[in-house]
Structure formats: C-alpha cells, structure tokens
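Visitor: Pasting in a structure now, in structure tokens, and then I'll have a few things to ask.
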Amino acid sequence: MNTRMIICLLITLPWMVPVCSAVDVVSSASPPPQAPLPAPDSEGTTSTITMGAAKIYLFIEGRPFALSQQELRDWVQRSAEIVLQYYGGFPITESWVAIRGARGSRVMRGQAIGSVGAVINVDVGLAATPEALADDWILVHELIHVAFPSMARRHHWLEEGLSVYVESIARANAGVLSEDAVWTGFLDGMPLGLPRAGDKGLDYTPTWGRTYWGGALFCLLADIGIREQSHGQKTLRDALRAIVAAGYNMTRPGDVRTVLAIGDQATGVTVLLDLYEEMHNQPSPATIDSLWSDLGVAKLDGKIIYDDRAPQATIRRALTRPASQ
Ligand SMILES: [Zn+2]
C-alpha cells in the first residue's frame, strides 16, 4: 500500500514570511500509528487536548526544551483553536500531534500524514522561546491539511495552496496576524505562483512556486470571486466548511471536481469549478498586477499601503478582519 505524506520544510525567505516546500514520500513500509499516539520512537509525555467533541492526542518528546511542557501544549491548543474558529469546529474527531526536539530556536518543520489517521509531526527547536511559538505558522498550516481530503498527486497544489492561504487568513481572523503581515506575504509570495515559460497549468506543473504559491493564488482568487459573485454573502470559508461537513478530511481521499462542486454548492456560485477549469491545464493567470490595484493594496518602500477607493477594497478589508470586529 502506498502511503502519502505531506512534509512542509521551513524556508525563511528575505521578507520574513516563511513558506514551506514539500516532498511527497511514497513508501511501502510506513507503519500505522498505534492509538492513541503515532508510535513515538522515543521517550516522552502524552496528554489529550479536548476541543469540543474532538480530541487531539499530544506527544512531547522527552528532550531538554527551553520551553515548558505547558507552553508547548498551550501552543498546540492555540493553533488548533485558530483552525477550529475558521472551520466552525475542529475538522476531525481524533488526531495526533507529536512534538519532537530539534536543533534551532523556532518551529523547524512540520509534516502531516493522512493515510494512517490524521497525524502531525512537528520539530521544535530545543532553544525555541514563547515568542517563536507566538509567531509560528507551521502548526496551523499542518492542521489545515487535516481539514481537506487527500487528492491525487497532480492536485497537490490545491492541498498546499489551501494551507498557505488559509493559514494567513485564519490567523488574521483570529487576531494573531496583522493585516500588513498578510499582505506583505501575499504581495511577495503570490508572484512566485505565476506561470513561467513552458507552464502547462497547475495540475501539470509541479514546481515549488506553482505548488505553494500557485495554489495559494487559486485560493485568493476563489475567495475574492465567491465574495464578489455572492455579493458578500459567502466566502471560501463557507465552501471549505461544507467540504468538511460532507465528511471529507485528510484521511479520506477526494476527487477534485467532486470536492470543488461541494464547495460551489455551499456558496451558490460556481467560482471553484470555473477557476479550476481555467487554471488546471493552462498557464493562467498571466499576470496579477490588476489584482492588487483592484484590491487597493501595494508595497511602497517596504511598507504596505492601502487604497480604500479601489473597486475591491471592501473585499480586501473583509478578508483579514478579525472575527472579534
Ligand atoms: Zn503543507
């Protein structure tokens, strides 16, 4: 049996908004996790975090972390609550998070495995501080993987793009990532997702840029399109919640058109399937210059500036608005 893992390695980029790169691992000998923990290969402590009806089984490796067990546990809970808030509930009833020690002073890398239950492995620097956890995006990114079905390899851009895009939006909505930080990340990152010479569309161009940022661009365009066509009544979040409500998560494979159709049905518009038809097998969109001017956002001398007279300024403000406002 082939098992499929999503591994997200940290790359710190010059603009300080990290993104991750992925490696798909096809293995014929990956052991299943032993409930309630994914067969930890070292000594550690185990506990359970309860999120409503959902349980997260947490393993913390017994290494000399600068962080206390409580700080690590609180970080997992905070990250899970961001995802819970976005999805209106935690997307799976049982999941496993294993924290292992690594050299470094931040969260170093994450990995989500859906073929043997929803299992997240995350390496945390032994020298990491509470500030490093407060800035972390990796665990939220991995938890978002849990909320979407596993897809055929050529649609990997959709799995990663969703995690990249929703991680920023969900953290902004939770009030832990600023509007400026979201747009800095998007303005710097999204151009990396544009097609280059020889591109055959998202399904057939599995480069790093197209997978992560091409996928994230699909999600941003989808979120804007849904908001626009539904006159502000629906968002990408409604589509993703409906996909979870239909019983999909990382442990259940999904056919791309079937899954996107569920999202479209929930929003009452056909943005997801239309955009998929446009972007999956051809080099689209060619440019995103008008996207930024329509939203009314730009970067000038390293500073994010906003134009509230832009045609989609209302949508731009709504995207990052904290739920508490
Ligand atoms: Zn990922």
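The values are calculated or read from the model by the stated rules, or taken from the named source; none is laboratory data. Computed from a predicted structure; not experimentally measured. Every residue, glycine among them, receives a Cβ derived from its backbone with ideal geometry; neighbour counts consider all protein chains shown.
Visitor: Residue check: is GLY225 within 14 Å of the ligand (Cβ to nearest atom), assigned by TED's automatic domain parsing to the domain that holds LEU273, at pLDDT 95 or above and not hydrophobic (A, V, I, L, M, F, W, C)?
Guide: Spelling it out, it is not the case that GLY225 is within 14 Å of the ligand (Cβ to nearest atom), assigned by TED's automatic domain parsing to the domain that holds LEU273, at pLDDT 95 or above and not hydrophobic (A, V, I, L, M, F, W, C).
Visitor: Report, by residue number, each residue of the stretch 114-139 that is part of a loop (DSSP other than H, G, I, E, B) and either farther than 14 Å from VAL76 by Cβ or within 16 Å of the ligand (Cβ to nearest atom) (or both).
Guide: Listed by number, the residues that qualify are GLY114, VAL116, LEU126, ALA127, THR129, ASP135, ASP136, TRP137.
Visitor: Which pairs do you get when a residue that is free of Cβ contacts under 8 Å to residues at least 12 places away in the same chain, found in the stretch 252-270, comes within reach of a residue that is part of a helix (DSSP H, G or I), reach meaning Cβ atoms under 8 angstrom, with the pair 6+ apart or on two chains?
Guide: The qualifying pairs are THR270/ASP264.
Visitor: Tell me, which residue of the stretch 286-305 that is surrounded by 14 or more Cβ atoms within 10 Å (Cβ to Cβ) and in contact with a Leu (Cβ under 9 Å, 6 or more places away or on another chain) is farthest from LYS200 (Cα to Cα)?
Guide: Filtering the stretch 286-305 for residues that are surrounded by 14 or more Cβ atoms within 10 Å (Cβ to Cβ) and in contact with a Leu (Cβ under 9 Å, 6 or more places away or on another chain), the one farthest from LYS200 (Cα to Cα) comes out as ILE304.
For every residue, the table says whether it meets (1) at pLDDT 50 or above; (2) of a type in the set (Val, Ile, Thr).
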position: VAL19; (1), (2): no, yes
position: SER27; (1), (2): no, no
position: ALA35; (1), (2): no, no
position: ALA39; (1), (2): yes, no
position: GLY44; (1), (2): yes, no
position: ILE49; (1), (2): yes, yes
position: GLY52; (1), (2): yes, no
position: ALA66; (1), (2): yes, no
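Visitor: Moving on to the next point. Hey, can you tell me all the residues within the stretch 67-113 that are more than 16 Å from the ligand (Cβ to nearest atom), among the basic types (Lys, Arg) and in contact with a strand residue (DSSP E or B) (Cβ under 6 Å, 6 or more places away or on another chain)?
Guide: Selection gives ARG100, ARG106.
Visitor: Looking at PHE148 and the list (1) part of a helix (DSSP H, G or I); (2) within 11 Å of the ligand (Cβ to nearest atom), which single condition is not satisfied?
Guide: PHE148 satisfies all of (1) part of a helix (DSSP H, G or I); (2) within 11 Å of the ligand (Cβ to nearest atom) except (1).
Visitor: Kindly provide the set of residues from the stretch 249-283 that are in contact with a Pro (Cβ under 7 Å, 6 or more places away or on another chain) and of a type in the set (Gly, Ala, Ser), ordered by number.
Guide: Answer for the stretch 249-283, where residues must be in contact with a Pro (Cβ under 7 Å, 6 or more places away or on another chain) and of a type in the set (Gly, Ala, Ser): just GLY254.
Visitor: Here is a further query. List the residue pairs whose Cβ atoms are under 6 Å apart, where the first residue sits in the stretch 123-138 and is crowded, with 21+ Cβ neighbours inside 10 Å, the second is among the acidic types (Asp, Glu), and the two are 6 or more positions apart or on different chains.
Guide: Short answer, once both residue conditions are applied: TRP137/GLU167.
Visitor: Continuing with the same structure: Looking at LEU240, LEU202, LEU273 in this structure, which one is touching a Phe, Trp or Tyr at 6+ places or on another chain (Cβ under 6 Å) and modelled with pLDDT of 95 or more?
Guide: Going through LEU240, LEU202, LEU273 in turn, the sole match is LEU202.
Visitor: Taking the condition of being in contact (Cβ under 8 Å) with a residue 24 or more places away in the chain and either more than 11 Å from ILE224 (Cα to Cα) or polar (S, T, N, Q) (or both), how many residues in the stretch 288-302 meet it?
Guide: 5
Visitor: Also, quick follow-up: Would you point out which residue out of GLU142, GLU159 is within 14 Å of the ligand (Cβ to nearest atom), under 22 Å from LEU273 (Cα atoms) and either not in a loop (DSSP other than H, G, I, E, B) or not assigned by TED's automatic domain parsing to the domain that holds PRO253 (or both)?
Guide: Selected residue: GLU159, the only one of GLU142, GLU159 that is within 14 Å of the ligand (Cβ to nearest atom), under 22 Å from LEU273 (Cα atoms) and either not in a loop (DSSP other than H, G, I, E, B) or not assigned by TED's automatic domain parsing to the domain that holds PRO253 (or both).
Visitor: Would you mind listing the helices (runs of 4 or more DSSP H) fully within the stretch 211-324 where at least 1 residues are in contact with a Gly (Cβ under 6 Å, 6 or more places away or on another chain)?
Guide: Counting at least 1 such residues, we get 215-229, 236-245, 271-279, 313-320.
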